[in-house]
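**Student:** Can you keep this structure in mind? I'll have questions shortly.
Each reported figure results from applying straightforward, stated rules to the coordinates on display, with no laboratory input. It should be emphasised that the depicted structure is a prediction, and the values quoted were computed from it without experimental measurement. Cβ placement follows ideal geometry from the backbone for every residue including glycine, while neighbour counts extend to all protein chains displayed.
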Amino acid sequence: MCGIVGAVAERNVVNILLEGLKRLEYRGYDSAGVALVNGNELSIIRRTGKVSALAEAVEQSKSTGLDKGTTGIAHTRWATHGGVTEANAHPHASQDRFAVVHNGIIENHKPLRAALTEKGFNFVSDTDTEVIAHSIASYMQDGGDLFNAVQQAAASFEGAYGTVVLDKTTPDKLVVARSGSPLVIGLGIGENFLASDQMALLPVTRRFIFLEEGDVAQITRTSVEIVDANGEKVEREIIESNVEHDAGDKGGYRHYMLKEIYEQPHVLRNALKGRITSDGLVDGIFGANNAKSADEIFSQTQYVKIIACGTSYHAGVTAKYWLEQYAGVQCDVEIASEFRYRKSFVPKNSLLVTISQSGETADTLAALKLAKESGYMSSLSICNVDGSSLVRESALSFLTRAGAEIGVASTKAFTTQLAALLMLTLAIGKHNGMSAETADDIVSALISLPAKLEETLGLADEIDELAEEFSDKHHSLFLGRGDQYPIAMEGALKLKEISYIHAEAYASGELKHGPLALIDADMPVIVVAPNNELLEKLKSNVEEVRARGGLMYVFADKDAHFEDDDTMRVVNVPHCMESVAPIVYTIPLQLLSYYVALIKGTDVDQPRNLAKSVTVE
């Protein structure tokens, strides 16, 4: 969830580090810090708040020689252990010699802290990370090599970590260790870099080495040495990245979130390009493992288990409706953090599908590793980041091509995940009796989807006006039926994430089993109502709310025949085919949450207590 950047060069690296942090700030913005070596002097500056506060402090400190540092590490934090204070910000130091930045959680930090305290080490923070710095210093007390000391220290850690260490007495190198939390090395000419995400390094390189689980690496200006979890020297593949990213450009929009909402027609065209034509799916779009093609695997698939977290979980729940209705395959969806800690039954010929925007979500990765040992026939990842851990660990993969998503609240990543899952439904359905008519309808709906989203974005002004009525609200209820129920769940999540309004979502038929007790004039009820076979049932649920004095906001197909009155505000959503209605109806709910957040005056792109990529448990 935090962001790491490091550099070893002949030139001053402080601006490289700060730029990298800015590009990773969506991963954590409680505090930020930088450590640089200039000669044999170690300088550390840390600040609470955003990277801009750190940048200001660095600018004020350049007279101390900080602007001449040629080796450095930097970090932007999302707090886990210890509150948001300058003392708990990274980098952490030991003996005014070693500096450390760290993503993840050292689960055995308490006994390590106690043992190190007995050895005379003084702890000045409440973090688990400080034990890394002191552990390495402890292993170095009898002399020795930093590379070996990091390997020894790493062997004592339990939990997840991506950590980078510098030693001011060897100012020309950095040592990194990875277990469960991603790290990538960027290769330059006469200089090398590292980060927790390649996005941080795109201004300085396009050549990357992705570290594997258990790797420890030593980086100098001209060399990279890597050993694996067994201590054996290894060579990792160098990958040329074609990722496009400009974290500094909102494209004229007020917020990244709004920009990313409006990018959805474009990124969906990218997601579909070369993968679907009027004749159907293009062969090979889900990849292949060493033994079987995706088509062979899908032909044997009798059961699908989807594992995901947060917004990706809502995409998975939507896909359950599609896979069972259109493809005729049983599907269950589970939250990754629950799946990994329970015993589960694996039916014959089961396909595991994991969904993650970043491909580094800790719970989802752990669930995939567990499933590999549990008898699943094969695995497929749906992900937005090529080269991510999830993609590398899965037998099959599908990249959503959403581009960099900077806003913490997911928008375009979600809709491209849905499009990918609908294509997966087609791919599995052709082996399970999906009729040609159904397949043609879904293909046609997907091809026309980008234009339909452009039309739906035309509702923005109307939704902006409607959002004014939420200015004094503190609670809300979202309702949907069938495959619109998970869309209601996603709408509620978006509203609570960025406006801080408490929001809950229910399948509409569940109203009478409890939630009706909440209905009054101060509880807005948001309803998604496409014109489908469940419409009349939904209308009955709407009447239940109306009879109890509730105020409703209904996003409905114009042919659904809802009309404005004193108890109901109706927004007519463009008519669309049933199979893609969940994707289309996502757009107005995203816009609603955005405009309500503006009214509430919250930080839309970086809401409190949240971060983009959840790489801790």
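**Student:** From largest to smallest, what semi-axes in whole angstrom does the range 219-369 give when each is the square root of 5 times an eigenvalue of its alpha carbon gyration tensor?
**Tutor:** That gives 30, 26, 19 Å for the three semi-axes.
**Student:** Hey, could you get me the Stokes-Einstein D for the range 133-185, Kirkwood radius over alpha-carbon pairs, 37 °C and 0.692 mPa s, rounded to whole µm² s⁻¹? Mind dumping the intermediate values first?
**Tutor:** Working: Rh = 11.5 Å.
Diffusion coefficient, whole number: 285 µm²/s.
**Student:** To the nearest 10 degrees, how steeply does helix 362-372 sit against the main Cα axis of the chain, on a 0 to 90 scale?
**Tutor:** 80
**Student:** Report ³J(HN,Hα) in whole Hz for each residue of the range 332-339, in order, from the Karplus equation J = 6.51 cos²θ - 1.76 cosθ + 1.60 where θ = phi - 60°; Gly and Pro get x.
**Tutor:** Once rounded to whole Hz, the list reads 10, 10, 9, 5, 4, 5, 7, 4.
**Student:** Give me the lysines in straight-line cross-link reach of Lys119: C-alpha distance below 24 Å, same-chain residues under 8 apart excluded.
**Tutor:** Partners found: Lys110, Lys168.
**Student:** So in the chain, what percent of DSSP beta bridges are antiparallel if you round to the nearest 5? Intermediate values should be presented prior to the final figure.
**Tutor:** Working: 65 of 108 bridges.
Given both bridge residues lie in the chain, the antiparallel proportion sits at roughly 60 percent.
**Student:** Right, here's the next one. Given the pairs Lys320/Lys494; Lys343/Lys494; Lys430/Lys558; Lys50/Lys369, which span a C-alpha to C-alpha distance of over 23 angstrom in this model?
**Tutor:** Checking Cα-Cα distances, Lys343/Lys494; Lys430/Lys558; Lys50/Lys369 exceed 23 Å.
**Student:** Using only the alpha carbons, work out the radius of gyration and Dmax of the range 5-55 in angstrom.
**Tutor:** That works out to 11.2, 33 Å for Rg and Dmax.
**Student:** For Cys576, Cys2, what's the fewest-to-most ordering of other Cβ within 10 Å of each Cβ?
**Tutor:** Arranged by neighbour count, lowest to highest, Cys576, Cys2 become Cys576, Cys2.
**Student:** A follow-up question, please. For the range 488-528, rounded, prolate or oblate, judged on the Cα gyration tensor with a ≥ b ≥ c (square roots of eigenvalues), a/c < 1.5 rounded, else prolate if a/b > b/c?
**Tutor:** It is oblate, given that a/c is not under 1.5 and a/b is not larger than b/c.
**Student:** Can you sort Met257, Met523 so the residue with the fewest Cβ neighbours within 10 Å comes first?
**Tutor:** Met523, Met257
**Student:** Applying the Karplus parametrisation 6.51 cos²θ - 1.76 cosθ + 1.60 with θ = phi - 60° to the phi angles of the range 66-77, what ³J(HN,Hα) value in whole Hz is obtained for each residue in order, glycine and proline being reported as x?
**Tutor:** Along the range 66-77, the couplings run 4, 6, 10, x, 9, 10, x, 9, 8, 7, 10, 10 Hz.
**Student:** Which one, (1) 1.05; (2) 1.00; (3) 1.10, gives Rg/Rh (Cα atoms, Kirkwood Rh) as derived from the coordinates shown?
**Tutor:** From the options (1) 1.05; (2) 1.00; (3) 1.10, the structure gives (2).
**Student:** Using a cut-off of 13 Å between alpha-carbon atoms, which aspartates and glutamates can reach Lys173, once sequence neighbours fewer than 8 places away in the same chain are excluded?
**Tutor:** The reachable aspartates and glutamates, counting only those whose Cα sits under 13 Å from Lys173, are Glu10, Asp145, Glu191, Glu225.
**Student:** For Val570, list long-range residues whose amide hydrogen, built 1.01 Å from N in the peptide plane, is under 5 Å from its own amide hydrogen.
**Tutor:** Residues meeting the amide H criterion: Val554, Asp564.
**Student:** Net charge near Thr416, counting Lys/Arg +1 and Asp/Glu -1 over other residues with Cβ under 13 Å of its Cβ?
**Tutor:** Neighbour charge sum, excluding Thr416 itself: +2.
**Student:** Then there is this: Quick one: which residues, 5+ away or cross-chain, put their amide H under 5 Å from the amide H of Val333? H built at 1.01 Å from N.
**Tutor:** Under 5 Å from the amide H of Val333 lie the amide H atoms of Ile306, each far enough along the sequence or on another chain.
**Student:** While we're on this one: Between helix 412-429 and the chain, what is the angle of the helix's C-alpha long axis to the longest principal axis, kept within 0 to 90° and rounded to the nearest 10?
**Tutor:** 70
**Student:** So what's the gap between the Cα centers of the range 489-517 and the range 1-65, to the nearest angstrom?
**Tutor:** 41
**Student:** Tell me, what ³J(HN,Hα) does each residue in the range 149-166 have, in order and in whole Hz, if you take phi through Karplus 6.51 cos²θ - 1.76 cosθ + 1.60 with θ = phi - 60° and put x for Gly and Pro?
**Tutor:** Result, ordered by residue: 4, 5, 4, 5, 5, 4, 5, 8, 8, 10, x, 10, 7, x, 10, 10, 10, 10 Hz.
**Student:** What's the angle, to the nearest 10 degrees (0 to 90), between helix 436-457's Cα axis and the longest principal axis of the chain?
**Tutor:** Between the helix axis and the principal axis of the chain, the angle is about 70 degrees.
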